[in-house]
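The values are calculated or read from the model by the stated rules, or taken from the named source; none is laboratory data. A quick note: this is a predicted structure, and the numbers were derived from the prediction, not measured. Backbone-built Cβ (ideal geometry, glycine too); neighbour counts: all protein chains shown. For the accessible areas, the whole protein counts, side chains as well, though only heavy atoms, and no ligand, DNA or RNA atoms are used. Shrake-Rupley method; radii C 1.70, N 1.55, O 1.52, S 1.80 Å.
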Amino acid sequence: MGKTQYLTAASVDGFIADPDNSLEWLFQVPENDTVGNVVAEFFSQVGAFAMGATTYEWMSAHEPAERWREWYGDTPCWVFTHRELTPLPGANLRFVQGDVAPVHQAMAEVAGDRNIWLVGGGELVGEFADHGLLDEIILSVAPVTLGGGAPLLPRRMLSSRLRLMKVEQAGQFANLTYEVARPEPLVEPAA
C-alpha cells in the first residue's frame, strides 16, 4: 500500500486559502509554474485522491472540466460534502460524507500500491490525521501572508508526531516534507 499524503501550498502565516476561500493569491506568485511541475511529478504516483466540498467548488468554478481531465485523467476523486454538488462532466467523482476511515479503506483498495492524495481542506485532512491515516505532509510555503483564511491544519500536532524529512527550494517556494506519526491512543482515566 502507498502513502496517504497531504500535498498543499500555504502562505507564510499558515493559510491554504484566503478569507474568501480563494486560491488566487497562489497563482500570483512569480515562478508558480515550478510548483505546477512538483504537483505533476507528485500526481504521477497517485492512485486516488480526496478533497472537501469547498475545495471542490473552488476548483470546479475556476477550472474547466477539460482541465480536470488533463490534470487528473481518470484517477478517482472522493469529495466529502454535506450538500448537493454538481459533478464535473467526465471526472471520476464519488461524493461521500461521514467517517473518513471507511472512505480511506475504499480509496486504498482502488489506489493499490500507489499513493492517496489529500488535497484539502485542512479540517478534512485533520480528520484523517486524527484517525492515524495521514503518513506525510508535503508543504510548499509561498512568499505571501494572508492575515486570515483557511488554516493549513486546524489541529494541535506536536513535534512528537512530525519529523522533518526533506527541505527543498522551488523558485520562490520552500518545500517541506514531514513524516506524520500515528496519534497516541487516548488513555481513559481510572475509575
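Residues checked against (1) touching a strand residue (DSSP E or B) at 6+ places or on another chain (Cβ under 6 Å); (2) open to solvent by 20 Å² or more (accessible area, probe 1.4 Å); (3) at pLDDT below 95:
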{"site": "Ile116", "(1), (2), (3)": "yes, no, no"}
{"site": "Pro143", "(1), (2), (3)": "no, yes, no"}
{"site": "Arg155", "(1), (2), (3)": "no, yes, yes"}
{"site": "Gln172", "(1), (2), (3)": "no, yes, yes"}
{"site": "Leu186", "(1), (2), (3)": "no, yes, yes"}
{"site": "Ala191", "(1), (2), (3)": "no, yes, yes"}
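For (1) acidic (Asp, Glu); (2) in contact with a Gly (Cβ under 6 Å, 6 or more places away or on another chain); (3) open to solvent by less than 30 Å² (accessible area, probe 1.4 Å), each residue gets a yes or a no:
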residue	(1), (2), (3)
Glu109	yes, no, no
Val119	no, no, yes
Gly122	no, no, yes
Gly126	no, no, yes
Leu146	no, no, no
Ala150	no, yes, yes
Lys166	no, no, no
Thr177	no, no, yes
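Where strands (runs of 3 or more DSSP E) fall wholly inside segment 1-54, no range has 2 or more residues that are modelled with pLDDT of 90 or more and open to solvent by 30 Å² or more (accessible area, probe 1.4 Å).
Among the residues making up segment 55-79, a single one is open to solvent by 20 Å² or more (accessible area, probe 1.4 Å) and under 16 Å from Val125 (Cα atoms): Thr55.
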